[in-house]
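Notes for the one structure printed next.
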Amino acid sequence: MKLPVYLDNNATTPCDPRVVNEMLPYFSETYGNASSHNHLHGWLAEEAVDQSREQVARLINASPREIIFTSGATEADNLAIKGAFEAYEKKGNHIITVQTEHSAVLDACRSIEKRGGDVTYLPVQSNGLIDLNDLESAIRTHTILIAVMYANNETGVIQPIEEIGKLAAKHGILFFSDGVQAAGKIPVDVQKDGIHLMSLSAHKMYGPKGIGALYVRHKNPGVTLSKQIDGGGHERGMRSGTLNVPGIVGFGKAAKLALSEWDEFEERVRTYRDKLEQHLLKLDDTNRNGSPNHRLPHVANISFGQVNGTNLLRQVNKKIAVSSGSACSSASLDPSHVLKAMGLPDKRALSTIRFSLGRFTSEKDIDQAIEHVEKVVNKLRKEKLTT
Ligand SMILES: *Cc1c(COP(=O)(O)O)cnc(C)c1O
């Protein structure tokens, strides 16, 4: 069976073979529990975890002790929001987030609303960016947290993170950013950006699935979070559970590779992405969504008019693996909440495709995608005229 060309790297990325190689010894040879402090098996595992913690920290200019390993970014998002809500209860109960956040953030916010939390869901402009004036006007005396993602998973739009960090600092509010789609793709610096909490996921950056991290700032200011999982007190008490040593080793290697190769990555995927866009945007009644100047280099979000969205996706996916909106919601036929927030009508949102390129995308993949998508769109439009 011939697999479709993979242009869905924002849903997940293949694990880099160099990452797999690094992980392998940690299954059956160096299998100790990193918390076993009495023997060499434990020490070797701990040493590997320490090294990975350093590599992940370096990727975002953090220090190793600020990295809390979790099962992924969904858990990290939950820990950041629920953990801050509980820990800063005395200061207030108000959180500001954005309508275009990932469902892990939005659902965690809805969950704290049920527990007496007060949440503002900021709108975005038609280009997907928040308006900083809206953000500042939403701040109240009891605001404890601003939660704005670094880059959007559907459109690739990069929010004005440094400016948000400055606003948060000015008002003495914590700034949490879901950094999953940005980290390892573009330079991310939690110091420069004034970020206090940031979630990361290994499988979005050529590492294994089921491992992620939450960056928790240690000083200026030191952030405290209420733990969400009780147990042996691992990860400075913030996340109990035996550490996933092979996963953590893979995450560390993935971070190291991303850091050493991102220049090359950025240039290549940008060239391919631009080629894809240039061709597809030549079709009639086709447009690109999201600010062209503030976005990730490997993502193209394109709407095609005069086609049925379900048919479009089904036909395109026969040869090119892409998604409409987020993978998490693609099981349903609801239009993307991100595109709706940007003002797209439901029908237009439904006939939109997200192309996300990756480290292993070739120019041939792009040529095939251009040819196939053009063919499908033209065919569907012709069928529509004759029925
Ligand atoms: C994929 C993704 C997540 C969830 O990460 P997991 O590690 O799969 O739980 C969270 N936020 C964003 C922006 C994502 O793209």
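None of the figures in this text is laboratory data; all of them are computed from the coordinates on show. These numbers were taken from a predicted model, which means no experiment stands behind them. Cβ: placed from backbone, ideal geometry, glycine included. Neighbour counts: every protein chain shown.
Counting neighbouring Cβ atoms within 10 Å and putting the fewest first, the residues Ser351, Ser103, Ser28 line up as Ser28, Ser103, Ser351. Taking label points 7 Å from Cα along the Cα-to-Cβ direction, Ser137 and Asp118 give a separation of 1.8 nm.
Comparing Gly128, Gly309, Gly247 in a Gaussian network model of the chain, where Cα atoms under 10 Å apart are tied by springs, the biggest mean-square fluctuation is seen for Gly309. Rounded to the nearest Hz, the phi-derived 3J(HN,Hα) couplings of the stretch 124-137 under the Karplus curve 6.51 cos²θ - 1.76 cosθ + 1.60 (θ = phi - 60°) are 10, 7, 5, 8, x, 8, 6, 9, 4, 5, 4, 4, 5, 5, where x marks glycine and proline. Got a sec? Which residues in the stretch 293-322 would a label at Lys275 touch, if it sits 7 Å along Cα→Cβ and we count backbone N under 16 Å? Backbone N within reach: 298-300. Once backbone amide H atoms are built at 1.01 Å from N, Val119 has Ile95 as its partners under 5 Å, excluding neighbours fewer than 5 places away on the same chain.
Ordered by the number of other Cβ atoms lying within 10 Å of each residue's own Cβ, fewest first, Thr100, Thr242 fall into the sequence Thr242, Thr100.
Could you work out the helix-only [θ] at 222 nm for the chain, with each DSSP H run of four or more residues adding -39,500 (n - 2.57) and the total divided by the number of residues, to the nearest 500 deg cm²/dmol?
-12500 deg cm²/dmol
Relative to the Cα centre, the charge distribution of the chain, modelled as +1 at Lys and Arg Cβ and -1 at Asp and Glu Cβ, gives a dipole magnitude of about 680 debye. By the count of neighbouring beta-carbon atoms within 10 Å, fewest first, Leu385, Leu357 end up ordered Leu385, Leu357.
For the pair the stretch 17-39 and the stretch 267-311, the centres of their Cα atoms are 42 angstrom apart. Split the chain at each of the trypsin sites (Lys or Arg not before Pro) in a DSSP loop with at most 16 other beta carbon atoms within 10 Å, and the longest piece is 3-89.
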